Amino acid sequence: METREVLFEYVLRLGDNALILGQRLCELLGWAPELEEEMALANIALDYIGQARMFLSYAGEIEGKGRDEDQLAYTRDVLDFRCALMVQQPNGDFAHTMARLFLMSAFNEQLYGWLVRSKDQRLAEIAEKALKEVRYHVRHSGEWVIRLGDGTEESHRRMQRAIEDLWLYTGELFTPDEVDQAMAAEGIGPDLAALKPAWQQKVEAVLREATLERPADGWMPTGGKDGRMHSEHLGHILSELQFLQRAYPGLRW
Amino acid sequence: MGVEVRDPELERIRAVLTQVQDPEIPQLSVVDLGIVREVVRDEAGVPVVRITPTYSGCPATALIEFEIRRALDAAGFAEARIETVLSPPWTTDWITEEGRRKLKAAGIAPPAPGERRGALFARDPEVACPRCGSTDTAKVSEFGSTPCKALWRCRSCREPFEYFKCL
């Protein structure tokens, strides 16, 4: 692949991760356990959708085929998506929703924190903006992990299960493939494995305070960010996300 | 910021911008909020208004650009361009003194400096009630009606109020 194509792939990943996580959180509108939390989740979803727009617009420019953010979001088929398995996971109960948001936001905090120094100036600018928002998300979701983990017997049991269920998808985030390696070699993206210690430290500190056990690292699936093997969930997410453009192709406001 | 030489046309554009309201907080102009970064001329001498979004996903961003365009056109500056810049990212430090005063008058507590950063369960900032001035206040929700605000309440006068979050 040429550098341009690799960069396109890389920026798509950033955009798709933000888009699908944002879409997942939007599903909770009208369903959150309390009003304040509903506003919180909607606000966080909005931040992620905003980040997705900036990344996908840039991806479209890199590709140079005239596709804009909307076309990339609404008209690509499942196998053309490049989002991590983590963000595809269903909302589950409130513990799952918060655990996923915490693990992913803590990852994004490290990733964006590195991208601020990327040799790609546009990525650095987007990351600088997004980092401020993501820090807020880490704090908010982390507080819920602690509150539920160190809460009642029932909330503890559920949060422990959520962390265990989702731990499986943390491996892919830190496992570099050719695209990640090429970007790291160019100074555009980080060495993913090198981000892990700081992420782990943050996550473990929260789990400790939440009286939760850190799951063991076993075999972990990959295949989301390279589109090789998505979870079954992704198609269902897209069926809702892309409905309007599928039913009425090219429809505009 | 570019070098600000006195340029009567740019001064007039700045004056027009002080009349453009923020769609979510109409008491404040886009200048008060620090959304307008600078008004300069490009190499060809065309006036350029540089604006910056507050939050990535703020739905008001597109409307703000629209309102600025409309105001510029109506004031005879149809040739002026609007550019969106991301870096350095917007911060609540750019809200002007005038803006902070107007926020308070609108019942919204302005961002309190010395904000906690990063730490979990860190102390909340000291926020004074915009109505009675008491600092005996408590956070109800970290998120509010727009991305930039949180919900608080005053324990002294018992009134709920909004707090403009530090970013």
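Given the criteria within 14 Å of chain B (Cβ to nearest Cβ) and over 20 Å from A:Lys225 (Cβ atoms), does A:Val145 qualify?
Here the answer is yes, as A:Val145 does meet what is asked.
What is the number of the single condition among (1) loosely packed, with under 15 Cβ neighbours inside 10 Å; (2) modelled with pLDDT under 90 that B:Ala112 does not meet?
For B:Ala112, the exception is condition (1).
Conditions (1) out of contact with any strand residue (DSSP E or B) (no Cβ under 6 Å at 6 or more places or on another chain); (2) in contact (Cβ under 8 Å) with a residue 24 or more places away in the chain; (3) basic (Lys, Arg); (4) surrounded by fewer than 17 Cβ atoms within 10 Å (Cβ to Cβ), marked per residue:
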site	(1), (2), (3), (4)
A:Glu2	yes, no, no, yes
A:Asp16	yes, yes, no, no
A:Arg24	yes, yes, yes, no
A:Ile49	yes, yes, no, no
A:Gly60	yes, no, no, no
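Of (1) assigned to a helix (DSSP H, G or I); (2) surrounded by fewer than 19 Cβ atoms within 10 Å (Cβ to Cβ), A:Ile237 satisfies all except one. Which?
(2)
For B:Thr54, work out the one condition from (1) β-branched (Val, Ile, Thr); (2) in contact (Cβ under 8 Å) with a residue 60 or more places away in the chain; (3) outside any loop (DSSP other than H, G, I, E, B) it doesn't fulfil.
Failing condition for B:Thr54: (3).
For region B:57-77: of the residues being assigned to a loop (DSSP other than H, G, I, E, B) and more than 14 Å from chain A (Cβ to nearest Cβ), which is surrounded by the most Cβ atoms within 10 Å (Cβ to Cβ)?
This residue is B:Phe77.
Quick check, is A:Arg53 within 15 Å of the chain's Cα centre (by Cα), within 11 Å of chain B (Cβ to nearest Cβ) and modelled with pLDDT of 95 or more?
Yes; evaluated as a whole, the condition is true for this residue.
Can you say whether A:Ala42 is at negative phi, touching a Cys at 6+ places or on another chain (Cβ under 8 Å) and not β-branched (Val, Ile, Thr), as far as the supplied structure shows?
Yes; evaluated as a whole, the condition is true for this residue.
Output the number of residues of region B:128-167 satisfying the condition of being among the polar types (S, T, N, Q), within 14 Å of chain A (Cβ to nearest Cβ) and touching a strand residue (DSSP E or B) at 6+ places or on another chain (Cβ under 8 Å).
The total comes to 2.
Residues that are within 21 Å of A:Arg157 (Cβ to Cβ) and of a type outside the set (Asp, Glu): does region A:187-205 have at least one?
Among the residues of region A:187-205, at least one is within 21 Å of A:Arg157 (Cβ to Cβ) and of a type outside the set (Asp, Glu), which makes the answer yes.
Please give the helices (runs of 4 or more DSSP H) falling wholly within region A:133-199 in which 3 or more residues are at pLDDT 95 or above, surrounded by fewer than 21 Cβ atoms within 10 Å (Cβ to Cβ) and among the acidic types (Asp, Glu).
The qualifying helices (runs of 4 or more DSSP H) are A:153-167.
Just need a number here: residues in region B:78-105 that are more than 14 Å from every other protein chain (Cβ to nearest Cβ), surrounded by 18 or more Cβ atoms within 10 Å (Cβ to Cβ) and not in a helix (DSSP H, G or I).
2
Could you please give the count of residues in region A:114-130 that are in contact with a helix residue (DSSP H, G or I) (Cβ under 6 Å, 6 or more places away or on another chain) and in contact (Cβ under 8 Å) with a residue 24 or more places away in the chain?
The total comes to 6.
Among A:Phe81, A:Phe102, which is of a type in the set (Phe, Trp, Tyr), buried (at least 22 other Cβ atoms within 10 Å of the Cβ) and away from chain B (no Cβ under 14 Å)?
Within the list A:Phe81, A:Phe102, the selection yields A:Phe81.
Regarding region A:168-191, can at least one residue be identified that is under 15 Å from A:Glu109 (Cα atoms) and either within 14 Å of another protein chain (Cβ to nearest Cβ) or in contact with a strand residue (DSSP E or B) (Cβ under 6 Å, 6 or more places away or on another chain) (or both)?
There is no residue in region A:168-191 that is under 15 Å from A:Glu109 (Cα atoms) and either within 14 Å of another protein chain (Cβ to nearest Cβ) or in contact with a strand residue (DSSP E or B) (Cβ under 6 Å, 6 or more places away or on another chain) (or both).
For region B:24-51, what are the residues that are of a type in the set (A, V, I, L, M) and either crowded, with 19+ Cβ neighbours inside 10 Å or not in a loop (DSSP other than H, G, I, E, B) (or both)?
Passing the criteria: B:Ile25, B:Leu28, B:Val30, B:Val31, B:Leu33, B:Ile35, B:Val36, B:Val39, B:Val40, B:Val48, B:Val49, B:Ile51.
So for region A:70-78 (the condition being modelled with pLDDT of 95 or more and not in a helix (DSSP H, G or I)), does at least one residue qualify?
yes
The values are calculated or read from the model by the stated rules, or taken from the named source; none is laboratory data. Everything quoted here is computed from the prediction, not taken from an experiment. Reconstructed Cβ throughout: ideal geometry from the backbone, glycine too, with neighbour counts over all protein chains shown.
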